[in-house]
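Please treat every number below as a calculation from the coordinates, not as lab data. In this text the structure is predicted, and so the values were computed from the model without any measurement. Note that each Cβ is placed from the backbone with ideal geometry, even for glycine, and that neighbours are counted across all protein chains shown.
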Amino acid sequence: MTAKEKYVPIAIRISISFLFLLSAVAKLYPSPYFAISTFEVKQLYPLGFSGDIAPFFSRILIGIEFALGILILQKHYLRKLVIPATLLMLAVFTTHLSIVTFQNGGNSGNCGCFGSLLPMTPIQAILKNVVAMILLVILLKVMPKKDESKSNFWVLTTATVFFILLLFMIAPMQAESNLVDVTGSEPNETAEVELIDTLKTEPKVETKKLDTINKIVEVIKDEPLQHNSGYSAYFASIDKGRKTLCFFVPGCDHCREVAKELTEMKAKDKNFPEIKIIFMNEEADLIPDFFKFAGAKYPYKIIEVIPFWNVLGTGKDTPGVKYLWNGNEFKYYYGITDNKFNASEFNTLIQKPYSALKSK
């Protein structure tokens, strides 16, 4: 056996094993349930997976990644099953990423291959997968051919089932109950109220007349009519007056910085829109420390991971900051890139009267 036949296959197998194990572990960072739920919302939901199917598919997929990462290092059915299965998984991922790149462009966004541990654009992921597939093809050519008739199929099935079950154990599925904790509510926000549009009249009033009345009221008060923002389940008074609604993760450094900026702005403006926060139920024990860093405590609610991402909005990321006026949304900052929170711009925005916002 030449050095090429001896060492090249070993090097390739170790490299592929590392790649798959890193991918699987990264999808569990920084905590299994949070990471997997985020993967489901950001990667599987856009593909059409329902909330019932996604939790099963995500855990099975990551379990298979773990299994392939280990099985590529053993000898049973290596040529006949393990390497072809690894190639197939990479080919499926690459095809999906190619479609995403063609439809939306591939120079931005995180493909989710390595979770939030190592963000990677679709194009970068495609290149990574192509290199891995080339290595696997080389492996098939340089690896000595051996009779696999005596291979033990149960080694493959046992490892695969073990890792899939392990994923369900370390990241058990949870019921998607939106509201987890009501701690931090203001005294007047202990009960929900039904929101109705201002000047909502009986059906006998003609639509044109109602629109005319609404326009007159808007001009006189110079503020928008009350609108149902959809957040009254969290804060009963959210659709009354001007509000700054924030979406934060307690352990997120960017969220803390934004909260601190808002506190500093509020200290300089007595008419600053009320600040209310919806926290993700991830490291909720850090909320006291969050407020300590921010410099003030605000009314807040805590909701589960998946409902949080859904409330935040498709394609959105934390920190999120919304400017609401009578339930009407006038600005939404999110993430840490193009749409990130801009304190100077926000301060200018909240100083404008409704007539200026409306004409914009």
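I'd like to know how region 3-170 sits against the 2.2 N^0.38 Å rule of thumb: what's its Cα Rg over that expected value? Don't skip to the answer; put the middle values down first.
Numbers: Rg = 16.4 Å, N = 168, 2.2 N^0.38 = 15.4 Å.
Cα Rg divided by the expected 2.2 N^0.38 Å: 1.07.
Determine, from the Cβ-Cβ distance of THR158 and LYS316 and an R0 of 51 Å, the FRET efficiency 1/(1 + (r/R0)^6), rounded to the nearest 0.05.
Efficiency, from the Cβ-Cβ distance: 0.80.
So what are the ³J(HN,Hα) numbers for region 63-70, from phi and the Karplus equation (6.51, -1.76, 1.60; θ = phi - 60°), rounded to whole Hz, Gly and Pro as x?
x, 5, 4, 4, 4, 5, x, 8
What residues qualify as long-range amide H neighbours of GLU329, i.e. H under 5 Å apart, gap of 5 or more or another chain, H built at 1.01 Å from N?
Those qualifying (amide H under 5 Å, at least 5 residues apart or on another chain) number zero.
Given points 7 Å out from each Cα along the Cα-Cβ axis, report the LEU47 to SER98 separation in nanometres with one decimal.
About 1.6 nm, to one decimal.
Step through the residues of region 148-153 one at a time and calculate ³J(HN,Hα) from phi using the Karplus curve (6.51 cos²θ - 1.76 cosθ + 1.60, θ = phi - 60°), rounding each to whole Hz and writing x for Gly and Pro.
My calculation for region 148-153 gives 9, 5, 9, 5, 9, 5 Hz in order.
Pairs to check: LYS266/LYS301; LYS243/LYS270; LYS42/LYS301. Give those whose C-alpha atoms are more than 18 Å from each other in this structure.
LYS266/LYS301; LYS42/LYS301
Quick one: if the Förster radius is 45 Å, what FRET efficiency do ASP338 and ILE138 give, using the C-beta to C-beta distance and rounding to 0.05? Present the calculation step by step, with values, prior to reporting the outcome.
Details: r = 40 Å, r/R0 = 0.90.
Approximately 0.65, to the nearest 0.05.
Per-residue HN-Hα couplings for region 333-344, Karplus 6.51 cos²θ - 1.76 cosθ + 1.60 at θ = phi - 60°, whole Hz, x for Gly and Pro?
9, 7, x, 10, 10, 5, 9, 5, 4, 10, 4, 5
So how far, in whole Å, is the C-alpha centre of region 123-139 from the one of region 47-107?
Computed from Cα coordinates, the inter-centre distance equals 13 Å.
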